[in-house]
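Report on the structure given below.
What follows is calculated from the coordinates using simple rules that are stated; it is not laboratory data. Computed from a predicted structure; not experimentally measured. Don't worry about glycine lacking a Cβ; one is built from the backbone with ideal geometry, like all the others, and counts go over all protein chains shown.
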Amino acid sequence: MDAAALHSAKPVRTRSNEIQKKNQMTVFSTESFADHEQVVFISDDKIGLRAIIAIHSTRLGPALGGCRMYPYADEASALRDVLRLSRGMTFKAAAAGLGLGGGKSVILGDPRKSKTPDLLRAMGVAVNRLGGRYITAEDVGTTVDDFAWVRQSTRHVVGLPEALGGTGDPSPTTALGVYHGIVASVAHRLGCGLQGLTVAVQGLGNVGWNLCRLLDEAGARLVVCDVDPALAARAAAEFDACIVEPDAIYAVQADVFAPCAMGAVVNDKTLPQMRFRVIAGGANNQLARDEHGRQLREREILYAPDFVINAGGLIRVASEHEGFDAAKVDAQVKGIGATLRRIFELADRDGTPTQSAAMRLVQERLGSTGRPGGAAANNNTNERPLAERIA
Ligand code: NAD
């Protein structure tokens, strides 16, 4: 066959190459890959470690983000997850006014079966090789205590147990930031405080439980759900909360919906059921698609962008990096409310979804393109929070 014929020849479709294509893992064409400064694949057969570290951006400082351990269905799912999450960390750190970039890591495996001190130490070695460009911390499937093992191989770790000079579990601080965010959202949308309002809380884990406590103290009525019925029963006893089945939470009559379990809970199926006036909670990636942000605006449901409202834990662990200062952390976490107020004003002024307004603020801080700026961390560590800076 000559070159022209070869060029124009159509690829032969056979069942075997169709199957091969379906099972093929793409790397460079994976969504979000191009935005990344660096992606590192780690494999240690002897210890059983398979992990990916993704550094999305070091434009504002070293890339900080948790290390998730999860039994992913396949390698492609793990890659997609780590890329999506590390990108989100860039936005979260920028919105919180921190001198940090965005990164994340994932360990492929079941934390209940395969998490060993050797594996955690090996992960620390991999983090250490990056020389501080990536700083790790706890995430889903890893705990604050696990990082005592990681710390044996690297100093580039935060969110350590208090006994090791860390600040311990960041979840109560995440919940406090979400609480301030709910107060700001309710004030903007309803012009009142939380006393007597009904808040539907989805998920009663580390963040959800602490949030329920703060809401209860503020005089809000609670409707709760969790896939663990024992947790829901405890919330009923402790906060006089009304329990609903997990699937029923979207249609509950409540002023505020606070998703504190998993992502993509605002989607084509749930959105038509919602009669809330505010959605403000701790879960990451709450909107299944950007389109849902527009639909929420049309339905006059005020949405507090997740990466802004749930930054409290990040603010706390980041403070370990610079030297923990409780008063400064408190002020920064309270500042989440001020940042949201500014985002809501921008969104109202321009008639855009709040998520888009939040992204505009982030892009302004990152530079006009919002893309990572190369390996060199700049010295913006003292930049003020966005809300303060653009007010
Ligand atoms: P967690 O695992 O402690 O709690 C999650 C809770 O949600 C569990 O009790 C679980 O049983 C429940 N749950 C799971 N699926 C559910 C469903 N379909 N319906 C109702 N309940 C369900 O996790 P967490 O640390 O509290 O984090 C909650 C969310 O907040 C996650 O999306 C996490 O990524 C995000 N987040 C957490 C932090 C933090 O500091 N912990 C920081 C930022 C974001």
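Return the single residue from F344, F41, F147 with maximal mean-square fluctuation; model: Gaussian network over the chain, springs between Cα atoms under 10 Å. Evaluated over the chain, the most mobile residue of the options is F41. Taking N as the residue count of segment 216-310, its C-alpha radius of gyration divided by 2.2 N^0.38 Å amounts to 1.07. Fewest-first ordering of D118, D146 by other beta carbons within 10 Å of each residue's beta carbon gives D118, D146.
Quick one: of the DSSP bridges fully inside the chain, what percent are antiparallel, nearest 5?
35 percent
Of K92, K328, K104, K115, the sequence from fewest to most neighbouring Cβ atoms within 10 angstrom is K328, K115, K92, K104.
For a straight C-alpha distance cut-off of 13 angstrom, the aspartates and glutamates reachable from K46 (same-chain residues fewer than eight places away being disregarded) are D118.
With bins 10 Å wide beginning at 0, the percent of Cα pairs of segment 33-164 falling in each bin runs 14, 48, 33, 5, 0. What's the FRET efficiency of D290 with A163 using the Cβ-Cβ distance as r and R₀ = 45 Å, to the nearest 0.05? The computed FRET efficiency comes out at 0.55.
Put simply, the amide H of C242, placed in the peptide plane, has neighbours under 5 Å in L222, V223, V224, leaving out anything fewer than 5 places away on its chain. Extension gain for the segment V27 to I47, taken as residue separation times 0.36 nm less the Cα-Cα distance, is 4.7 nm to one decimal.
Where a Cα-Cα gap under 15 Å defines reach, which aspartates and glutamates qualify for K115, not counting those fewer than 8 residues away within the same chain? Once the sequence-local aspartates and glutamates are set aside, what remains near K115 is D44, D45, E138, D139, D145, D146. Rounded to 0.05, the FRET efficiency of the D74 and R129 pair, given R0 = 22 Å and the Cβ-Cβ distance, is 0.30. Close amide H partners of Q202, meaning residues 5 or more places away or on another chain with modelled amide H under 5 Å apart, are A258, C260. Fully extending the segment from K269 to R112 would add 53.3 nm, taking 0.36 nm per residue of separation and subtracting the current Cα-Cα distance.
Label separation (F324 vs Q152): 2.3 nm, computed from points 7 Å beyond Cα along the C-beta direction. Report the residue, chosen from C225, C67, C192, that carries the largest GNM mean-square fluctuation when the chain is represented by alpha-carbon nodes joined by springs under 10 Å. With Cα springs under 10 Å in the chain, the top fluctuation among C225, C67, C192 is at C192. Once both labels are positioned 7 Å from their Cα atoms along Cα-to-Cβ, the gap between D247 and L190 label points is 2.8 nm.
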